[in-house]
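Below you'll find the structure, written out as structure tokens, and then a few comments.
The values are calculated or read from the model by the stated rules, or taken from the named source; none is laboratory data. Here the structure is a predicted model, which is why all the values come from computation and not from measurement. Neighbour counts run over all protein chains shown; Cβ positions are idealised from the backbone, glycine included. Calculation scope for accessible area: heavy atoms of the full protein, side chains included, ligands and nucleic acids excluded. Shrake-Rupley method; radii C 1.70, N 1.55, O 1.52, S 1.80 Å.
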Amino acid sequence: MPSSRTDESIAQSMRTVRTAVLPVAGLGTRMLPATKVVPKELLPIGTRPLIQHAVDECWEAGIERVVLVTSAGKHLIVDHFDRAEQLERMLEERGKREALERIATARPPESGRLLSVRQPEPLGLGHAIWCARHIIGPDPFAVLLPDDFILAQPGCLKQMVAAWRELGGNLVATMEVPAEQTGRYGIIEPGRRDGRLIAVKGLVEKPDPARAPSTWAVIGRYILDPAVLRELDAGRRGAGGEIQLTDAMAGLIGRQSFHAYLFEGERFDCGQRAGYIEAQLAVGLSDPEIAPLLHRRVTRGRD
Ligand code: G1P
């Protein structure tokens, strides 16, 4: 008998994540005054703004369209992905090939693959994602928080898409955090661990250390079933009086498969000073032109 693929294996191979939602509506108060005029997502790590790193990670993972959820005063983020015709013409005339190449790699691969919607009020992360519901439609989608800069090879989202193709359901990135920091994160109530995968039995947003079910924190990369959008329809307020994505995800547990993925790579919280500076340092140290200079400076600091 000729070997034929089962319906399930065909469905499995067709399983892809096509849309990624990147909430970029937040104020960035912890990075003031740098973020007074420039949105925090446009602060650079190396020569690429944070938002560029996150969008690049999407294209690398095979995402077809990226949806930026912006707010008033954040139009510069969308402008960043436009053509800069005058600048490009000038660079062309002056023969600045390397600069031209760097600009070209910053643009979306095709027109129409980068979209934006507005979050009209700052009602929380869950609400920001919900604002993109009409673009997301009925398919699974990814969420990336650009503040969470992740140095990884391959990128964190690409690793997660590969794991999710085997698993389906919902998948969030995770890492262990110091016990005293649980109040900064969504925290997982862990079930069975199998290599890089941890079954998720519960989720709590920003619990006090005394009430935290573990020290496994949700990091800003998610692959979610669209059912989470129905959970968000109710607009229930959670921690900090905000509509929390964590609470909506918690509503899926028990009804759908839900796992956390222990990614390979290093994560930096670029929404705050220390994480941002450390990320700059890490990227500098991985650049052969800059690394010797940084090493010399660190040694000098020790003398
Ligand atoms: C958000 C999420 C939180 C998650 C964190 C990761 O919090 O609400 O569950 O652990 O991102 O960075 P925020 O940092 O926006 O307060």
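Applying 0.36 nm per residue to the separation of Glu60 and Ala234 and subtracting their alpha-carbon distance, the gain on full extension is 59.2 nm.
Per-residue 3J(HN,Hα) values for region 117-124, derived from phi via the Karplus relation 6.51 cos²θ - 1.76 cosθ + 1.60 with θ = phi - 60°, read 10, 9, 9, x, 9, x, 9, x Hz in sequence order (x marks Gly and Pro).
Could you let me know the centre-to-centre spacing of region 252-303 and region 73-125, using Cα atoms, in angstrom? The distance from the Cα centre of region 252-303 to that of region 73-125 comes to 25 Å.
All other residues whose Cβ lies under 11 angstrom from that of Gly284 are scored, Lys and Arg at +1 and Asp and Glu at -1, for a net of -2. Taking the alpha carbon gyration tensor of the chain, multiplying each eigenvalue by 5 and rooting it gives semi-axes of 31, 25, 22 Å, largest first. Once the Cβ-Cβ distance of Asp208 and Thr16 is raised to the sixth power relative to R0 = 51 Å, the FRET efficiency obtained is 0.85. The residues of region 142-190 have, on average, 35 Å² of accessible surface per residue, using a 1.4 Å probe with all protein chains present. Over the chain, DSSP H runs of length four or greater, each weighted -39,500 (n - 2.57), average out per residue to a 222 nm ellipticity of -9000 deg cm²/dmol. Model label points for Glu266 and Leu76, set 7 angstrom from Cα along the Cα-to-Cβ axis, are 2.8 nm apart.
Rounded, prolate or oblate: which fits region 7-136 when a ≥ b ≥ c are the square roots of the eigenvalues of the alpha-carbon gyration tensor, with rounded for a/c under 1.5 and prolate only if a/b beats b/c? Oblate, since a/c reaches 1.5 and b/c is not below a/b.
In terms of the mean number of neighbouring beta-carbon atoms within 10 Å, the peptides 255-264, 81-90 order highest first as 255-264, 81-90. For the listed peptides 105-116, 183-194, 142-153, 289-300, a ranking on the average number of other beta carbons within 10 Å per residue, highest first, reads 142-153, 183-194, 105-116, 289-300.
If R0 equals 45 Å, the separation of the Cβ atoms of Asp287 and Glu121 corresponds to a calculated FRET efficiency of about 0.65. Sequence-ordered 3J(HN,Hα) estimates for region 282-292 from the Karplus curve with 6.51, -1.76 and 1.60 and θ = phi - 60° stand at 4, 5, x, 5, 8, 9, x, 6, 9, 3, x Hz, glycine and proline given as x.
For the pair Gln256 and Glu180, a Förster radius of 35 Å applied to the C-beta separation gives a FRET efficiency near 0.65, rounded to the nearest 0.05. Label positions at His134 and Arg296, each projected 7 Å from the Cα along the C-beta direction, are separated by 5.7 nm.
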